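Beneath this line is the structure, given in structure tokens, with notes to follow.
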Amino acid sequence: MSDAAGNHRETSDSRKARAAAWAADRLGLESIPLEPVSGDASFRRYFRTAAGRTSLILMDAPPDQEDSRPFLDVAARLREAGLKAPEILHFDLSLGFGLIEDFGDTLYRELISPESIDDLVPDLFGALEGMAHRVQTRGLPAYDEERLQEEMDLFRDWYLDRHRGRPLRADEEAAWQTSCDSLIDSARRQPQVFVHKDFHSCNLLRTPQGPGIIDFQDGLVGPLSYDFVSLVWDRYIAWPRPRLEQWMGDMHRRLRPGCPAAEWVRCCDLMGLQRNLKIVGIFARLHYRDGKAGYLELIPRFYDYLLDVLPRYPEFRDLQRLLETPECAP
């Protein structure tokens, strides 16, 4: 093991010990057991522990790498709206340690299948409706034009340029920007509501009170369709187009009945394009910049989503042609 790796391991183990001591002190115990819980694409770590018969999650978010204030803020907003976000029992921002409610291990990712989806959709869509209609947004950052553009540029910079070795030519850059402008315009014209940003089956846990919502710290004010497309354009199951359109119709009635149905479908499709361009770029960046394994293998599904939607809208013909070229394909 290199000195750098050893120092990192010592730092990691030291933080774990400090977190355990902090949590034990808050719970009035001499010591507590810690069981690692799957993490995410950030620097946060999670451990399961117990206070008597009550299972809790110990969150370790190093303050020099993670700002936990948005996590606390959005958790409070979701709970005030009657949604199932974890209760925060104790949190020390200066240390980056927190004790929060444990929703268990039953991810919707493990439950969703073609056979089960009809039984799961009502609760999932109910949570989407609650977030859009009831979560207070005052003071949250805006999902503005700059942010939308920066996200799509991840596809150009990290996927095309870095991963595929295919930088855009000048004429392609102009066509790329035209496509981005159209996607931004569609997103900004939608009603702006609370957006979770990562509302999908890996961030939802089954509880008796409905979907337990986690990983919400990036919440902001953005397009009405965003969280819906996050859920249905899934990384694990590619739903057939008729099923997607059925769900678009359901959410149209729930969220935006005054909007023409065809316009709502277009909003969802274009929001999906923006999000999936971003995701492909993020997966490439996680691999090359952050050294996180396993993300490149997820790219083809989201790339296929792009190729499925682009032909439906002639204004994106140039982008479609670019993505269909062998040198750009995964």
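Of all residues in the range 1-24, count the ones that are over 24 Å from residue 202 (Cβ atoms) and at pLDDT below 85.
Residues in the range 1-24 being over 24 Å from residue 202 (Cβ atoms) and at pLDDT below 85: 12 in total.
Considering only residues of the range 286-316 that are surrounded by 18 or more Cβ atoms within 10 Å (Cβ to Cβ) and in contact with an Asp or Glu (Cβ under 9 Å, 6 or more places away or on another chain), which is nearest to residue 257 (Cα to Cα)?
Here the answer is 309.
Looking at (1) under 15 Å from the mean Cα position of the chain (by Cα); (2) in contact (Cβ under 8 Å) with a residue 60 or more places away in the chain; (3) more than 18 Å from residue 143 (Cβ to Cβ), can you tell me which one residue 277 breaks?
That leaves (3) as the condition not met.
Within the range 271-292, which residues are farther than 23 Å from residue 127 by Cβ and part of a helix (DSSP H, G or I)?
Listed by number, the residues that qualify are 273, 277, 280, 281, 282, 283, 284, 285, 286, 287, 288.
Among the residues of the range 144-159, is any assigned to a loop (DSSP other than H, G, I, E, B) and closer than 24 Å to residue 328 by Cα?
Within the range 144-159 (the criterion being assigned to a loop (DSSP other than H, G, I, E, B) and closer than 24 Å to residue 328 by Cα), the answer is no, since none of the residues qualifies.
Tally time: how many residues in the range 162-171 are surrounded by fewer than 16 Cβ atoms within 10 Å (Cβ to Cβ) and in a helix (DSSP H, G or I)?
2
Give just the number: which of (1) buried (at least 17 other Cβ atoms within 10 Å of the Cβ); (2) within 18 Å of residue 230 (Cα to Cα) does residue 129 not satisfy?
(1)
Within the range 134-148, work out how many residues are surrounded by fewer than 17 Cβ atoms within 10 Å (Cβ to Cβ) and more than 23 Å from residue 274 (Cα to Cα).
4
Based on this model, can you work out whether residue 319 counts as in contact with a Ser or Thr (Cβ under 8 Å, 6 or more places away or on another chain), crowded, with 18+ Cβ neighbours inside 10 Å and more than 23 Å from residue 110 (Cβ to Cβ)?
Answer is yes for this residue.
Looking only at the range 52-87, filter to residues that are without any contact (Cβ under 8 Å) to a residue 12 or more places away in the chain and basic (Lys, Arg); which one of those is surrounded by the most Cβ atoms within 10 Å (Cβ to Cβ)?
Here the answer is 79.
Check residue 137 against each of (1) of a type in the set (S, T, N, Q); (2) free of Cβ contacts under 8 Å to residues at least 40 places away in the same chain; (3) farther than 29 Å from residue 38 by Cα and name the one condition it does not meet.
Only one criterion in (1) of a type in the set (S, T, N, Q); (2) free of Cβ contacts under 8 Å to residues at least 40 places away in the same chain; (3) farther than 29 Å from residue 38 by Cα is unmet by residue 137, namely (2).
Got a number for residues in the range 210-257 being under 27 Å from residue 82 (Cβ atoms), charged (D, E, K, R) and surrounded by fewer than 21 Cβ atoms within 10 Å (Cβ to Cβ)?
Residues in the range 210-257 being under 27 Å from residue 82 (Cβ atoms), charged (D, E, K, R) and surrounded by fewer than 21 Cβ atoms within 10 Å (Cβ to Cβ): 7 in total.
Can you name the residue in the range 25-51 that is over 29 Å from the mean Cα position of the chain (by Cα) and surrounded by fewer than 16 Cβ atoms within 10 Å (Cβ to Cβ) and is also modelled with the highest pLDDT among such residues?
Residue satisfying both the conditions and the ranking: 25.
On the given criteria, is residue 68 of a type in the set (S, T, N, Q) and touching an Asp or Glu at 6+ places or on another chain (Cβ under 6 Å)?
No.
Quick check on the range 217-255: of everything there that is in contact with a Phe, Trp or Tyr (Cβ under 6 Å, 6 or more places away or on another chain) and either assigned to a strand (DSSP E or B) or among the charged types (D, E, K, R) (or both), which residue is nearest to residue 117 (Cα to Cα)?
Per the stated criteria, the residue is 227.
Any chance you could count how many residues in the range 310-328 are part of a loop (DSSP other than H, G, I, E, B) and under 15 Å from residue 165 (Cα atoms)?
4
The values are calculated or read from the model by the stated rules, or taken from the named source; none is laboratory data. Because the structure is predicted, anything quoted here is derived from the model rather than measured. With ideal geometry, Cβ positions are generated from the backbone for all residues, glycine too; neighbour counts draw on all protein chains shown.
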